[in-house]
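Read the structure below first, then the notes.
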Amino acid sequence: MHVRYWLIPFTAIVAITCATQASAQAMVREQKVISSAGARAMVDACTAWAERNHLTLAMSVLDWAGNQVESHAMEGAGANSIDTALLKAKSALRWRRPTSEMNKIVRTGQNLAPTFMHDFPQPGALPIVVDGQLIGAMGVSSADGEKCVQAAIDVVFKKQGASTAP
């Protein structure tokens, strides 16, 4: 009889504790973040791709929150190249898609929001997705920039399950 009186309150305490822990876990999530080393490796891989293809360009890498982690302009790149790469990267991050797709959507009139939201829907940037999580974006000043970014993703992240689609 004494065990029954003790067991009921104990069971209630355990149930409340488990429910509290479960709801606390639902309030947070783990976010993958591109490191400065990862961003630098992407810039290096993109630079190597550009040199092989005889291009002079600039590139910018953002983390998942839009903070610039790395940028680089190759010697001889235009004065506005870094700004162009940054704007493209921000657009790819914000819309979570390649900027070439955004460009087609705007040109066909399907969605004009990127233009009045001050985005830069010009080809040259991709979102960076690792294990299904958006970890950042990379923009390149050249129209061939998406090829450069994809080459960098392939070199740096393919082993870890990266893609360009969220």
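With the structure loaded, tell me whether Glu101 is assigned to a helix (DSSP H, G or I), more than 19 Å from Gly38 (Cα to Cα) and not hydrophobic (A, V, I, L, M, F, W, C) or whether it fails that test.
Taking the combined requirement at face value, the residue satisfies it.
Gly109: out of contact with any Phe, Trp or Tyr (no Cβ under 9 Å at 6 or more places or on another chain), at pLDDT below 95 and closer than 16 Å to Ser60 by Cα, yes or no? Give the derivation first.
Working: out of contact with any Phe, Trp or Tyr (no Cβ under 9 Å at 6 or more places or on another chain): yes; at pLDDT below 95: yes; closer than 16 Å to Ser60 by Cα: no.
Here the answer is no, as Gly109 does not meet what is asked.
Output the number of residues of the range 23-65 satisfying the condition of being surrounded by 13 or more Cβ atoms within 10 Å (Cβ to Cβ) and either touching a Leu at 6+ places or on another chain (Cβ under 7 Å) or hydrophobic (A, V, I, L, M, F, W, C) (or both).
Total meeting the criteria: 19.
What residue, among those in the range 141-166 that are touching a Leu at 6+ places or on another chain (Cβ under 6 Å), of a type outside the set (Gly, Ala, Ser) and under 26 Å from Ala79 (Cβ atoms), is modelled with the lowest pLDDT? Outline the logic, then answer.
Of the range 141-166, the ones touching a Leu at 6+ places or on another chain (Cβ under 6 Å) are 141-142, 146, 149, 164, 166.
Retained after the next criterion (residues that are of a type outside the set (Gly, Ala, Ser)): 146, 149, 164, 166.
Add one more test, that the residue is under 26 Å from Ala79 (Cβ atoms), and what stays is 146, 149.
Values: Glu146: 93, Val149: 96.
The extreme case among them is Glu146.
Which of the residues belonging to the range 122-134 are surrounded by fewer than 23 Cβ atoms within 10 Å (Cβ to Cβ), of a type outside the set (S, T, N, Q) and under 12 Å from the mean Cα position of the chain (by Cα)? Before the answer, list the steps.
From the range 122-134, those surrounded by fewer than 23 Cβ atoms within 10 Å (Cβ to Cβ) are 122-123, 129-134; that's our starting set.
Now narrow it down to the ones that are of a type outside the set (S, T, N, Q): 123, 129-132, 134.
Across the range 122-134, the qualifying residues are Val129, Val130, Asp131, Gly132, Leu134.
Matching residues to (1) more than 22 Å from Ser35 (Cα to Cα); (2) in a strand (DSSP E or B); (3) not basic (Lys, Arg):
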{"residue": "Leu55", "(1), (2), (3)": "yes, no, yes"}
{"residue": "Leu62", "(1), (2), (3)": "no, yes, yes"}
{"residue": "Ser71", "(1), (2), (3)": "no, yes, yes"}
{"residue": "Gly76", "(1), (2), (3)": "yes, no, yes"}
{"residue": "Ala79", "(1), (2), (3)": "yes, no, yes"}
{"residue": "Lys90", "(1), (2), (3)": "no, no, no"}
{"residue": "Pro121", "(1), (2), (3)": "yes, no, yes"}
{"residue": "Met138", "(1), (2), (3)": "no, yes, yes"}
{"residue": "Ala143", "(1), (2), (3)": "yes, no, yes"}
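Tally time: how many residues in the range 83-96 are surrounded by fewer than 20 Cβ atoms within 10 Å (Cβ to Cβ) and in contact (Cβ under 8 Å) with a residue 12 or more places away in the chain? Show your work before the answer.
At the first step, the residues of the range 83-96 found to be surrounded by fewer than 20 Cβ atoms within 10 Å (Cβ to Cβ) are 83, 94, 96.
Those left that are additionally in contact (Cβ under 8 Å) with a residue 12 or more places away in the chain: 94, 96.
Residues meeting the conditions: 2.
The values are calculated or read from the model by the stated rules, or taken from the named source; none is laboratory data. Note that the structure is a prediction, hence the values are computed from the model and not measured. Don't worry about glycine lacking a Cβ; one is built from the backbone with ideal geometry, like all the others, and counts go over all protein chains shown.
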